[in-house]
Amino acid sequence: MTRSRPALELKGRMLPITRVRVLEADPASVRAQLAEMVRQMPQAVKGMAVVIDSDIDADLAALLTAFREVGIQPLAVSDGPLADAARASGLPVVSKDSGKAAPAPAPARAVATAPAPVVAAARKPAKVVADPIRSGQQVYAEDCDLIVLNTVSPGAEVIADGCIHIYGKLAGRALAGVKGDESARIFCRKLDAELVAIAGSDAVAEQIKAGPVNEPALAWLDGGRLKIEAHKI
């Protein structure tokens, strides 16, 4: 019997992925922090896709269980001390820097070659959104800045390859420079975010609350470290 319609359809979509860096191997400490994250931002945690990044040895099985119990979805593990355990459990291992599949070790006699030049994508005019971005909505500005003239509600997500400007309250998630642009910045008129990220470096609500909450703010990278300070826009 011939099918009248295809069984599958492929659609391109930008999937935001958060890197979770393991700083403490103690499972109890990890569970306690996850419980606090769930208390503060339940909508952001549930369904969050993550790559686990660690420079220390830890019980990967325990980490996976703890993440999945609160609704976090581990997609891969960064190359490092947890790589072998990840492969054994069927999880992909990706490069620490790029998020791409980690390369196999080069043969001992391989000859090094110069890397190909990186061609930056042409920057498009900024994408402007006038309406409020409501819980469950996601807006992505590909190869350009994103300007939001209204609020970003809890559970909503704004993503840009360039900078993000929010002329209202940021209560959801904002991810700028998602293709690796470390010069990207996030500006908002009132900061109360669930997550802020630039080029893969992020801060969650409990970290953000130590800064200029409910004030105009600027987030940027300084030497690869995410900084958030009060800033008039």
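The values are calculated or read from the model by the stated rules, or taken from the named source; none is laboratory data. Values in this document were obtained by computation on a predicted structure and should not be read as measured data. Every residue, glycine among them, receives a Cβ derived from its backbone with ideal geometry; neighbour counts consider all protein chains shown.
Only a single item in (1) at pLDDT 90 or above; (2) in contact with a Cys (Cβ under 9 Å, 6 or more places away or on another chain); (3) farther than 25 Å from LYS96 by Cβ is not met by ALA184, and it is number (3). If only residues of the range 168-180 that are within 13 Å of the chain's Cα centre (by Cα) and of a type in the set (D, E, K, R) are counted, the one that is nearest to ASP131 (Cα to Cα) is ARG173. Collect the residues in the range 79-94 that are at pLDDT below 90 and under 30 Å from ALA156 (Cβ atoms), keeping them in residue-number order. Listed by number, the residues that qualify are LEU91, VAL94. Scanning the range 155-170 for residues that are surrounded by fewer than 21 Cβ atoms within 10 Å (Cβ to Cβ) and part of a loop (DSSP other than H, G, I, E, B) gives a single hit, GLY155. Screening the candidates GLU206, GLU215, GLU182 for the property of being touching a residue at least 60 places away in the same chain (Cβ under 8 Å), surrounded by fewer than 21 Cβ atoms within 10 Å (Cβ to Cβ) and outside any strand (DSSP E or B) yields one hit, GLU206. Scanning the range 185-203 for residues that are surrounded by fewer than 24 Cβ atoms within 10 Å (Cβ to Cβ) and in a loop (DSSP other than H, G, I, E, B) gives ARG185, ASP192, ALA199, GLY200.
If only residues of the range 15-53 that are of a type in the set (S, T, N, Q), out of contact with any Gly (no Cβ under 6 Å at 6 or more places or on another chain) and at pLDDT below 90 are counted, the one that is nearest to GLY177 (Cα to Cα) is THR18.
Of LYS227, LYS179, LYS209, LYS169, all but one fail to be more than 27 Å from ILE52 (Cα to Cα) and not small (Gly, Ala, Ser); the exception is LYS169.
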